[in-house]
Amino acid sequence: MVFLNQIYTKSGDAGQTGLGDGSRVAKTHHRVVAYGTVDELNSVLGLLRTVELSEQIDGWMFRIQNDLFDLGADLCVPEPADGQQPKHPPLRVSASQVAWLEGCIDEINEPLEPLTSFVLPGGTPASAWLHLARTICRRAEISVWTLKEVEPVNDQVVCYLNRLSDLFFVLAQHCNDLGKSSVLWVPGANRDA
């Protein structure tokens, strides 16, 4: 259980922050950048949920917001350097959370027509927010890969973010009248204008 009774601690005023295992790192550390980007993504989903969504998609977004907190908690606690499990095992993203996303992608993608070009972000407000979420999700995935180059990270974290950005893409199509009102990229359309 989380208990917060004081929001400011002044412990970060010198450019350091605490991780979930009690260690302190620079606020610019790859780990902090990674879970900070996940937090940014979660905030965009909060904005997305203020526009008109179907009950199903809103429910999915609520579940994903909770999963993103799990993901942030996973990133906030480094794998033990000595390989030993701590007394209280940290929360880790699981393969079942990734599989749930894959099921959502399959369900929402089934009625969509195959694309003939790349899609320009926009359309309905929901679709525009989903495209923004997709790009932030890709940035979060890249930041986790950057961290993974120097420290061990739960493989399910990158799998989750990769599937999530795919889900946001197909949902953006879905929210644009099953892709019928999406605007496709026309390569070189304005070169000779």
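For this structure, a couple of remarks:
- Projecting the Cα atoms of Ile136, Trp60, Leu112 onto the dipole axis of the chain, where Lys and Arg carry +1 and Asp and Glu carry -1 at the beta carbon, places Ile136 farthest toward the positive end.
- Cα gyration tensor category, rounded, prolate or oblate, for the chain with a/c compared to 1.5: prolate
- Between Asp39 and Ser94, the contour length at 0.36 nm per residue exceeds the Cα-Cα span by 17.9 nm.
- Rounded to the nearest 10 degrees, the angle from helix 30-48 to the longest Cα principal axis of the chain is 50 degrees.
- Amide H to amide H distances under 5 Å link Val119 with Trp185, where only residues 5 or more positions off or on other chains count and H is placed in the peptide plane.
- 222 nm mean residue ellipticity, helices alone, for the chain (DSSP H n ≥ 4; -39,500 (n - 2.57); rounded to 500): -18000 deg cm²/dmol
- Full extension of the segment from Leu120 to Gln65, taken as 0.36 nm per residue of separation minus the current Cα-Cα distance, would add 17.3 nm.
Values in this text are rule-based calculations from the coordinates and carry no lab data. This one's a predicted model, so the numbers in the text were calculated from it and none came from an experiment. Cβ atoms come from the backbone with ideal geometry, glycine included; neighbour counts cover every protein chain shown.
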